[in-house]
Amino acid sequence: MKRGTVTVACGHRLTFTIKFSVFTLKEALAAVTDSSPPFTRLDICNRFLDSVRHSKVLGMQVLSAEEFSVRTVLPWREDLVGNPENGMMHGGAIFAMMDQAGGMAVTCRTFPNFEITPTIDFRLDHLRGPAKGASVICEASCYRLTNHVAFVKLTSWEEGNEEEPIATGLATYTRLKIDKAGKVVGQ
Amino acid sequence: MKALKTLIEECRSGETDYQELVDRVPYARFLGIKVVAQGDELTFVLPKNDNVIGNPTLPALHGGAVAGFMEQAAIIFILLQMGEPRVPKTIDFTIDYLRAGHFRETYAECSVTRLGRRIANVHISAWQKNRQEPITIARAHFLLSEDNA
């Protein structure tokens, strides 16, 4: 950054002194970064997940978090099986992961603020059963955020087979206006 | 492992506890689901358990855990309803959350709205304090597979 002063004479005995600063582009970008939160959407989603015991116990993880898209994964595990005859993961485990992913999708829209957002309703269609041993990936997107309600759509597929979804969901969440909700994620 | 059909018949006749049927499903054991039978009436129980906590500050139950519990309850319920038991596959599951699920025991009961040849429609209600104040209600469709259990 360059600093300096320019003295401008405006007629007899009247002068102005103008201080100037010239930022380089790099400095300007650094200034913008400094004013944005010191954490990303992915950080907040991870802290959110860490605070939710059931989701941790399920073994789900966050893969990516952007304003309109969150991706999570639920690795296959023996104790999450619904049908012992074919080793297919239980619909309830997939539901629990998708419900959590939906909540995170809302978090990504309210970012950098964190809000408590209980589910109002959730509909899940099971298009096909996931194969034994397959991890399930979920993508959730909060496509509309109003003052009180968030609308989320979700799709899940077996890892490596994004073209053939195994489940689709539609959900609504309500935004609770609770002070200090952010402390859940360490804000 | 006993054939599913044999186990169901034994449960119906009272020879075997319903719990054995529930415990066949790994995910049901993961959640710790219990079943209480009073005659033919079945009440499913999701015991108070740290692993089903969602919001730690309240603390409240995880909505997904309650949904999984209700879905499993419905599956067991249909299995017992069918003359020739066939494994139900979930087609869709729709849940409405009416009240916060507190960190305490949760109960669920099911009613089959329609049991067709291929599709079953089930209503599930879950409560904590009393039946008249459900914390969640759900509706689900199940495909009754061709192959007998």
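So the values come out like this:
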item: Subset tally (residues that are over 18 Å from B:PRO47 (Cβ atoms) and part of a helix (DSSP H, G or I)) for the stretch B:3-33; result: 10
item: A:CYS138, sole failed condition from (1) assigned to a strand (DSSP E or B); (2) of a type outside the set (A, V, I, L, M); (3) at positive phi; result: (3)
item: Selected residue (criterion: nearest to the chain's Cα centre (by Cα)) from residues of the stretch A:49-75 that are more than 10 Å from every other protein chain (Cβ to nearest Cβ) and among the small types (Gly, Ala, Ser); result: A:ALA65
item: Unmet requirement for A:ILE178, which otherwise passes all of (1) out of contact with any Asp or Glu (no Cβ under 6 Å at 6 or more places or on another chain); (2) open to solvent by 10 Å² or more (accessible area, probe 1.4 Å); (3) over 23 Å from B:GLY101 (Cβ atoms); result: (3)
item: Residues within the stretch A:38-57 that are open to solvent by 50 Å² or more (accessible area, probe 1.4 Å) and assigned to a loop (DSSP other than H, G, I, E, B), tallied; result: 2
item: Test for B:LEU144: is it assigned to a strand (DSSP E or B) and more than 30 Å from A:THR174 (Cα to Cα); result: yes
item: Neighbours by Cβ (under 7 Å, 6+ apart or cross-chain): first from the stretch A:71-97, in a strand (DSSP E or B); second of a type in the set (Phe, Trp, Tyr); result: A:VAL81/B:TYR27; A:GLY82/B:TYR27; A:MET89/A:TRP76
item: Single match in B:ALA100, B:ALA60, B:ALA65 (criterion: crowded, with 21+ Cβ neighbours inside 10 Å, in contact (Cβ under 8 Å) with a residue 12 or more places away in the chain and not β-branched (Val, Ile, Thr)); result: B:ALA65
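The values are calculated or read from the model by the stated rules, or taken from the named source; none is laboratory data. Because the structure is predicted, anything quoted here is derived from the model rather than measured. Methodologically, a virtual Cβ is constructed for each residue, glycine included, from the backbone with ideal geometry; neighbour enumeration extends over all protein chains shown. The accessibility values were calculated without ligands, DNA or RNA, using every heavy atom of the protein model including side chains. Shrake-Rupley method; radii C 1.70, N 1.55, O 1.52, S 1.80 Å.
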